[in-house]
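The values are calculated or read from the model by the stated rules, or taken from the named source; none is laboratory data. Since the model is a prediction, treat every value here as computed from it, not as a measurement. Quick reminder, even Gly has a Cβ in these numbers, built from the backbone with ideal geometry, and neighbours come from all protein chains shown.
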Amino acid sequence: MRFQSAARAARSWCALAGLCLAALATAPAAADDSATTKPIDQPALVESLSYRQTDSGLTVRLDLSHPRDPQKTVLREPAKVYFDLRAARLRSDQTQSYPLSNKLVSAVRLGQFTDSPAVARLVFDLRTAAEVTVTQEDGGRTLLFKVGGGGGGTPVAPSPRQPATSITKSAMQAESAQSATLTLGVGASAAVKAFYLTQPDRVVMDVEGAALRAEPPTPAADGLVSAVHMTQFSPDVVRVTVDLRRPCGYAVTRGTGETNVALRLVSAEAKGRLVIIDPGHGGKDPGCSGYKPGLVEKTVVLDIGLRVQRILEAKGVRVSMTRADDTFIVLGDRPALANKLGADLFVSIHCNAMPDDMKGQRSGTELYYYTPQSPDFASVMLQAVSAEAKLPARGTHERAFVVVKGCSMPSVLVETGYLDHAGDGAMLDSPAGRETFARGIAAGVIRYLQARPPTMGTTAASNAPASRAENKG
Ligand SMILES: [Zn+2]
């Protein structure tokens with residue numbers, strides 16, 4: 001699905017209906033229909049991989065901290081079968097690769113496909129189009145994958161890891177409505193991994209190689225943190241979950257004293273920061289057309305953009321519009337304005353459409369970005385807009401559009417919905433529907449600004465509440 005869908009997905013872009021074409025600076029990269037941003041469960045841990053093989057059979061065993069259902073995908077050229085484990089994390093960032101001498105399988109690979117949402121992927125590189133089956137044992141915590149009917153019996157799982165140290169202290173420090181620091185006392189051998197989950201907002205920290213010997217601290221009433229939970233998540237992993245009252249950025253630091261892990265949380269004000277809103281097309285460039293005569297993209301996106309401006313300004317965010325009326329603006333002038341003003345964010349607003357032979361057949365929101373500072377912003381926006389509009393989240397896609405490519409700040413192009421689709425189109429045609437899209441865009445902007453405190457610098461930036469690698473791989 002992932003690979004076969006690329007050509008099809010590219011056709012969905014309004015550019016290929018001949019209308020956004022000027023924005024397309026290079027050939028489209030492979031897009032991904034299946035990439036969506038959804039609320040996820042707390043990720044399970046993949047504890048171990050073990051395997052046994054014969055000449056013509058293979059059995060791979062995965063042991064997980066919590067049950068997960070693998071989703072199977074079969075690819076033909078090259079022959080390959082992979083299984084995605086949603087809401088699952090590996091204990092190492094490195095892909096584990098096992099070359100095999102088997103007649104059917106040349107290699108097995110286990111890697112973290114995406115961080116947010118956390119998806120682990122087990123790949124079977126096949127020498128020939130062989131069937132790969134999976135069965136679940138131990139209530140879904142053990143997964144057995146078999147090729148050629150399996151080989152050499154069931155692999156034995158490694159014995160559970162033992163904690164080498166303990167968490168003996170925990171405390172909340174420097175608490176306010178905007179910031180807080182959680183400190184833990186734990187031996188230096190413990191490795192710490194932190195990540196952000198939304199709906200509700202929380203930071204999760206896995207302390208690996210540690211036993212839990214402390215109670216969670218009680219945060220102050222009305223502070224940034226509403227609750228802290230600590231559990232022995234697996235035999236040697238303590239999971240610390242910090243529930244938040246507002247979106248925030250975070251950074252983990254290691255010290256040498258008794259409280260040697262510090263999780264710093266800072267929520268920024270959206271107020272006073274500058275956002276460029278760029279309604280697409282305009283003047284002689286109408287953009288794509290709708291499901292009924294007379295409905296054109298340039299009019300719809302201008303109205304949505306002006307609504308976004310009103311909502312953001314009411315919350316104290318400063319807004320500059322690239323156009324506030326039906327004017328034609330050269331593409332390159334749009335990012336140039338954002339750079340000249342030193343804006344915090346850039347949002348280009350568009351509507352999508354399918355080519356004539358597939359008119360009206362697709363619905364949903366898509367996000368495009370290009371620069372390295374932008375994929376997290378794209379994920380936050382996709383989630384905010386699709387949730388508010390109650391439309392399918394059709395993924396974030398890397399694409400070299402002039403308007404996002406030229407911006408020095410995080411920049412995205414929002415494809416709100418499909419103007420040629422009866423449902424999406426009717427929404428985009430109505431004042432209430434446009435207001436809904438505008439609310440979603442404004443909500444995404446504010447969430448991102450709050451989670452990106454300028455004072456936290458690059459550490460927080462690399463730890464933002466969103467995806468780093470959603471469309472990679
Ligand atoms: Zn457009």
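Residue by residue, here is whether (1) among the β-branched types (Val, Ile, Thr); (2) touching a Leu at 6+ places or on another chain (Cβ under 7 Å) holds:
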| site | (1), (2) |
| --- | --- |
| Glu297 | no, yes |
| Val301 | yes, no |
| Val319 | yes, yes |
| Arg334 | no, no |
| Leu337 | no, no |
| His350 | no, yes |
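Here the condition is being modelled with pLDDT under 95 and within 30 Å of Leu382 (Cα to Cα); of Ser56, Ser92, it holds for Ser92 alone. Scanning the range 247-287 for residues that are within 16 Å of the ligand (Cβ to nearest atom) and of a type in the set (Asp, Glu) yields Asp278, Asp285. Within the range 393-435, the set of residues being farther than 19 Å from Val300 by Cβ and within 17 Å of the chain's Cα centre (by Cα) comprises Ala393, Gly395, Thr396, His397, Glu398, Arg399, Pro410, Ser411.
One residue is enough: does the range 152-162 have a residue meeting the conditions surrounded by fewer than 13 Cβ atoms within 10 Å (Cβ to Cβ) and either free of Cβ contacts under 8 Å to residues at least 40 places away in the same chain or part of a strand (DSSP E or B) (or both)? Yes, there is a match, as at least one residue in the range 152-162 is surrounded by fewer than 13 Cβ atoms within 10 Å (Cβ to Cβ) and either free of Cβ contacts under 8 Å to residues at least 40 places away in the same chain or part of a strand (DSSP E or B) (or both). Got at least one residue in the range 305-314 being within 16 Å of the ligand (Cβ to nearest atom), among the basic types (Lys, Arg) and either closer than 30 Å to Val186 by Cα or in the same structural domain as Glu388 (by TED's automatic domain parsing) (or both)? No. A residue that is assigned by TED's automatic domain parsing to the domain that holds Arg452 and out of contact with any strand residue (DSSP E or B) (no Cβ under 9 Å at 6 or more places or on another chain) can be found somewhere in the range 359-367. Taking the condition within 16 Å of the ligand (Cβ to nearest atom), assigned by TED's automatic domain parsing to the domain that holds Ala343 and either of a type in the set (Lys, Arg) or assigned to a loop (DSSP other than H, G, I, E, B) (or both), does Lys298 pass? Yes; evaluated as a whole, the condition is true for this residue.
Checking every residue in the range 396-418 against the condition of being touching a Cys at 6+ places or on another chain (Cβ under 6 Å) and within 16 Å of the ligand (Cβ to nearest atom) gives at least one match. Only a single item in (1) at pLDDT 95 or above; (2) under 25 Å from the mean Cα position of the chain (by Cα) is not met by Ala214, and it is number (2). Identification of helices (runs of 4 or more DSSP H) wholly contained in the range 333-446 with 3 or more residues that are under 22 Å from Asp115 (Cβ atoms) yields 375-389. Entry remark, the range 224-277: residues being farther than 28 Å from Pro163 by Cβ and touching a strand residue (DSSP E or B) at 6+ places or on another chain (Cβ under 6 Å) number 10 in total. One residue stands out among those in the range 68-114 that are free of Cβ contacts under 8 Å to residues at least 60 places away in the same chain and aromatic (Phe, Trp, Tyr): the one that is nearest to Glu131 (Cα to Cα), which is Tyr82. Here Val412 clears all of (1) at pLDDT below 95; (2) closer than 20 Å to Arg307 by Cβ; (3) in contact with a Phe, Trp or Tyr (Cβ under 8 Å, 6 or more places away or on another chain) except the condition numbered (1).
When Gly316 is tested against (1) in contact with a Lys or Arg (Cβ under 9 Å, 6 or more places away or on another chain); (2) more than 20 Å from Leu449 (Cα to Cα), just one condition goes unmet, and that condition is (2).
Among the residues making up the range 401-439, those that are closer than 26 Å to Gly342 by Cβ and buried (at least 24 other Cβ atoms within 10 Å of the Cβ) are Phe401, Val403, Val404, Cys407, Pro410, Ser411, Val412, Leu413, Val414, Ala438. Scanning the range 254-273 for residues being assigned to a strand (DSSP E or B) and touching a Gly at 6+ places or on another chain (Cβ under 7 Å) gives a total of 2.
Residues checked against (1) farther than 12 Å from Tyr448 by Cβ; (2) surrounded by fewer than 24 Cβ atoms within 10 Å (Cβ to Cβ); (3) basic (Lys, Arg):
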| site | (1), (2), (3) |
| --- | --- |
| Leu337 | yes, yes, no |
| Gly342 | yes, yes, no |
| Ser348 | yes, no, no |
| Lys359 | yes, yes, yes |
| Asp376 | no, no, no |
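Considering Phe437, Phe377, which residue is modelled with pLDDT under 95 and either aromatic (Phe, Trp, Tyr) or within 16 Å of the ligand (Cβ to nearest atom) (or both)?
Phe377
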